[in-house]
Structure formats: C-alpha cells, structure tokens
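Heads up, the thing below is written out as structure tokens.
The values are calculated or read from the model by the stated rules, or taken from the named source; none is laboratory data. Model, not experiment: these values are computed from the prediction. Note that each Cβ is placed from the backbone with ideal geometry, even for glycine, and that neighbours are counted across all protein chains shown. Keep in mind that these areas ignore ligands, DNA and RNA; they rest on the heavy atoms of the full protein, side chains included. Shrake-Rupley method; radii C 1.70, N 1.55, O 1.52, S 1.80 Å.
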Amino acid sequence: MALTHGTSRTHGSGRGPAASIGIGVAAGVTAAAGLLFGRKAATISKTGKGHPLKHRALDLAAGAMQPKHPLDAMSTYLDGFHMYADDMGRQVEATHFCIHLQHDLHQCVIFDRNAPDARLIGIEYIISEERFRGLPEDEKRLWHSHHYEVKSGTLTAPGIPDMAEHAYFEDLVTTYGKTFHTWQYDRDDFPYGIPQLMMGFTEDGQLAPELVRARDERLGVSTSRKRRGRADIPVPEVAPGANAWESGRTVRTRLEEVDFKR
C-alpha cells in the first residue's frame, strides 16, 4: 500500500528525478542571472551618479543586454607599477586586465585601480622571450622585461591562491611588455596629450616604497612575502635590446605635424 501510494504521487505530479534536476538547474541559472544583473545595476549606479536619468537607463539596458566578448575573455587581473620611459621619478600603479590571446601573446587594458569608477589609463602587450628576440632592433627599444617585477613581488595577481599565482609567474618571469599610458593620472585629472611610453623597474632602489606600501595595504597583499615565496623562480637572462633606458638614453613619443595625404 505504501509503495503503491508513493508511485501514485509520482505519476500524479508528472515529475521524475530528471525533471526535478532540470527545475533545480533552471532555478539556479535564474538566480545567478539575477545576481549578475543586480551586481551590474549596482556598478552602473555607482558610475552613473550625476548622469541624466535617460543615460543611466540606457547604460543599465546596455549592460544587461549587450554581449561584450572581449571583456568576458579578460581572465587575468594583475597589479603592478610602471614608470615613464624618460623619467624614473614619475611612477604610477597600474591595474591590468588581460586576455591570453595566443600562446606567446597577452593583451591587457590598464586602469588606475580595480573599482567601478576606475580610469582607463593605458594598454600593454606581453610577449614571450622567443618572440621578443625576433623583433627588429628599433622595436625592442619599446619593450621592458618582467624579471624584476616578478622576482621582487611587486607584480601580483590579487585574490589568486599562492600556489596558482606562483605557477603563473614562473611563465611570466621570462616575458616582455610594451606599454603605453593614455592618461597621465599622476599629473592631470583629464586624459590630456598623447600616449606615453612606459617602462618597468629592473632592480631594488628604483620603485618608491611608499607606493608599494599603499598598494599592499589597500589590496591586503604583502610584497615582501611574495618575494620570499618566489625565491625559487629562476632569474632569466634579459635579452639584449630590452630596458633601453638603462643605457642612459631612451625613447619617448612626441606629436609631429605633417602634410595630410589625400
């Protein structure tokens, strides 16, 4: 009687185990979508303060409905520091969001911090040592090595477990980057001027310690601890042509007026 009664309830409801699982998955997806939409709405509300209601509504709709595949592909978040290629005294924090586009090429967009209202300040391309060695000599002058940034602990991947971060930086330590900043946010509150070539640090005593301390406190990381944890990562030999500024001569961008071609 009990068995018959139980079977009768199952047939009466019309739901078997597969149906129940499907309903649960659908509910989970719906909840996740609602959560993502809520986060998106909250983010847009933070950046949209002071905007006309019409613009805020359009931003919210675009954020919820438009596919943004390049943004979705940005799987890596890195935080480090750059200096201007012609002035070591001008140093800034750089928050990278990167796509591993090819096996030997990453592309990153750079912000001043990881926040909804962060300012877009530049771009960086990261390539393998093999590809760097094959570049023309004039092109190499635009690139910097990453060996010190990795070994010193100043380049970090916030939120990633130490073991995973260590494995990632074992590969990154041999790479080279070409970086341009489009917003000199250490000097101006608006993106004036032309893109500026940036470089990375190559030894102790170059990067201002107060910048590192402020970053570490804000992100809850320890540069010194990361440095100790990466002591076993071999230091690569820097390929000739990189870090051109170390010779005492450097390159920088400039604006030049020329005849317009029709």
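Could you please state, rounded to a whole Å, how far the C-alpha centre of the stretch 71-134 is from the C-alpha centre of the stretch 159-235?
Each part's Cα centre sits 9 Å from the other's.
Counting only heavy atoms of protein chains, what accessible area per residue, in Å², does the stretch 82-125 have with a probe of 1.4 Å? Spell out each step's value before the answer.
On the way: 1860 Å² over 44 residues.
Dividing the accessible area of the stretch 82-125 by its residue count gives 42 Å².
Calculate the spin-label point distance for K261 paired with A115, positioning each point 7 Å from the Cα along the beta-carbon direction, and give it in nanometres.
Spacing of the two 7 Å Cα→Cβ label points: 4.4 nm.
Along the stretch 204-209, what does the Karplus equation 6.51 cos²θ - 1.76 cosθ + 1.60 (θ = phi - 60°) give for ³J(HN,Hα), rounded to whole Hz, x for Gly and Pro?
4, x, 9, 7, 5, x
For the cross-link pairs K178/K261; K178/K226; K68/K261, which exceed 27 Å when the distance is taken from alpha carbon to alpha carbon?
Exceeds cut-off: K178/K261; K68/K261.
With a 1.4 Å probe and every protein chain left in place, work out the accessible area per residue of the stretch 178-262 in Å², rounded to a whole number.
Here the per-residue accessible area is 70 Å².
Find how much the distance from D189 to T76 grows on full extension, using 0.36 nm per residue of separation minus their present alpha carbon separation; answer in nm with one decimal.
37.9 nm
In whole percent, and with a 1.4 Å probe on the protein chains, what portion of the accessible area of the stretch 89-177 is carbon and sulfur?
Of the solvent-accessible surface of the stretch 89-177, carbon and sulfur hold 56 percent.
If you count, for each residue, the other Cβ atoms within 10 Å and average over each peptide, how do 177-183, 214-220, 89-95 line up from highest to lowest?
Ranked from most to least packed, the peptides come out as 177-183, 89-95, 214-220.
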